[in-house]
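Enquirer: If you scroll down you'll find the structure; I have some questions about it.
The values are calculated or read from the model by the stated rules, or taken from the named source; none is laboratory data. From a predicted model like this one, the values you see are computed outputs, not experimental measurements. Note that we place each Cβ from the backbone using ideal geometry, even for glycine, and neighbour counts take in every protein chain shown. Areas reflect the complete protein model, heavy atoms only, side chains present, ligands, DNA and RNA absent. Shrake-Rupley method; radii C 1.70, N 1.55, O 1.52, S 1.80 Å.
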Amino acid sequence: MIRQANRYLDDTYLFKCTTKVIETGRDHDGQGLWVALEENIAHPQGGGQPSDRVTLNGSRAEPVFAPDGFGAMAPVRLRLGEVEAPVEGATVDIEIDEDSRCRHAALHTGGHLLHWVLQEFGWQATKGNHFPGESRVEFRAKDGEPPAPWDEIAETVAARCRALLAEAPRVTAWMEGTTRLTRIGETENVPCAGTHVDHLGRIDAFALIGGKVKKGILKLRYDATHIAL
């Protein structure tokens, strides 16, 4: 089989593409027909990020990772339900919803921004949820050291985030072997297969909604939108 190129990994702002079908099939779980494309621009749900809203030749499709796959190297399929699937080798048009893609990218990058800033206060991010309306990041003490109490640093963290957003450092991503790494400005490299803005100046209306510590875990809720393109 021709190897699939997951183009969402290197271009967040690629919203439509004409490409070829390289494989077709039917799911065993009753979800219907699917196709795999030579060039895929759709991000499936995973890594705390929701899937893109997608159409294939004008009909709704659902991007999912192939069974037992996840991450930058995993093949992506487009579930079509019972819509007639194009044959292998056919040329097709795939398009993703621009607004939702940009919103997801802003939220995901906002989570990385919090990971970066909270490390300065002794907190290390452990997991995140970047869904609109419910975005949050969870933190534990970094390197076993007692972290700064959230109530004492909340305003400082918010101010630090605002300052970094104003500086608008670039957000870069690249592959090293089978791992995709991302970085904001000159911070440390972070493994991540999600979509991100290309610089922090793209993020608008960033806000910390609330944080609380329970059993040593800081749960921090936030929101972010993308500037109009």
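Quick grid of which residues meet (1) within 10 Å of the chain's Cα centre (by Cα); (2) of a type outside the set (D, E, K, R):
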site	(1), (2)
Ala85	no, yes
Ile94	no, yes
Glu98	no, no
Ala106	yes, yes
Glu120	no, no
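Enquirer: What are the residues in region 101-130 that are touching a residue at least 40 places away in the same chain (Cβ under 8 Å), buried (at least 16 other Cβ atoms within 10 Å of the Cβ) and either in a loop (DSSP other than H, G, I, E, B) or hydroxyl-bearing (Ser, Thr, Tyr) (or both), if any?
Expert: If the condition is that a residue be touching a residue at least 40 places away in the same chain (Cβ under 8 Å), buried (at least 16 other Cβ atoms within 10 Å of the Cβ) and either in a loop (DSSP other than H, G, I, E, B) or hydroxyl-bearing (Ser, Thr, Tyr) (or both), then Thr109, His130 are the ones that fit.
Enquirer: Let me ask something additional. Scan region 109-158 residue by residue and report those that are within 22 Å of His196 (Cα to Cα) and small (Gly, Ala, Ser).
Expert: Of everything in region 109-158, those that are within 22 Å of His196 (Cα to Cα) and small (Gly, Ala, Ser) turn out to be Gly110, Gly111, Ala125, Gly128, Gly133, Ser135, Ala158.
Enquirer: I would also like to ask the following. In region 195-229, which residue that is at pLDDT 95 or above and in a loop (DSSP other than H, G, I, E, B) is surrounded by the fewest Cβ atoms within 10 Å (Cβ to Cβ)?
Expert: Ala228
Enquirer: Right, here's the next one. Considering only residues of region 177-194 that are in a loop (DSSP other than H, G, I, E, B) and of a type in the set (S, T, N, Q), which is farthest from Asp11 (Cα to Cα)?
Expert: Thr187
Enquirer: Please go through region 170-182 and pick out each residue that is open to solvent by 50 Å² or more (accessible area, probe 1.4 Å) and over 19 Å from Gly46 (Cα atoms).
Expert: Arg170, Thr172, Glu176, Gly177
Enquirer: From the set of residues in region 70-100 that are aliphatic (A, V, I, L, M), open to solvent by 50 Å² or more (accessible area, probe 1.4 Å) and in contact (Cβ under 8 Å) with a residue 60 or more places away in the chain, which is nearest to Thr156 (Cα to Cα)?
Expert: My answer is Met73.
Enquirer: Does at least one position in region 144-157 carry a residue that is at pLDDT below 95, under 22 Å from the mean Cα position of the chain (by Cα) and loosely packed, with under 12 Cβ neighbours inside 10 Å?
Expert: Checked region 144-157: no residue is at pLDDT below 95, under 22 Å from the mean Cα position of the chain (by Cα) and loosely packed, with under 12 Cβ neighbours inside 10 Å.
Enquirer: Looking at region 143-176 only, could you name the residues that are in a helix (DSSP H, G or I) and more than 28 Å from Gly201 (Cβ to Cβ)? It would help to see each step written out before you state the result.
Expert: Kept after step one, since they are in a helix (DSSP H, G or I), are these residues of region 143-176: 143-144, 150-167.
If the condition is that a residue be in a helix (DSSP H, G or I) and more than 28 Å from Gly201 (Cβ to Cβ), then Asp143, Gly144, Asp151, Glu152 are the ones that fit.
Enquirer: Considering region 52-65 alone, what residues qualify as being closer than 19 Å to Gly128 by Cβ and surrounded by fewer than 19 Cβ atoms within 10 Å (Cβ to Cβ)? Give the derivation first.
Expert: Filtering region 52-65 down to residues closer than 19 Å to Gly128 by Cβ leaves 52, 65.
Residue satisfying the conditions is Phe65 alone.
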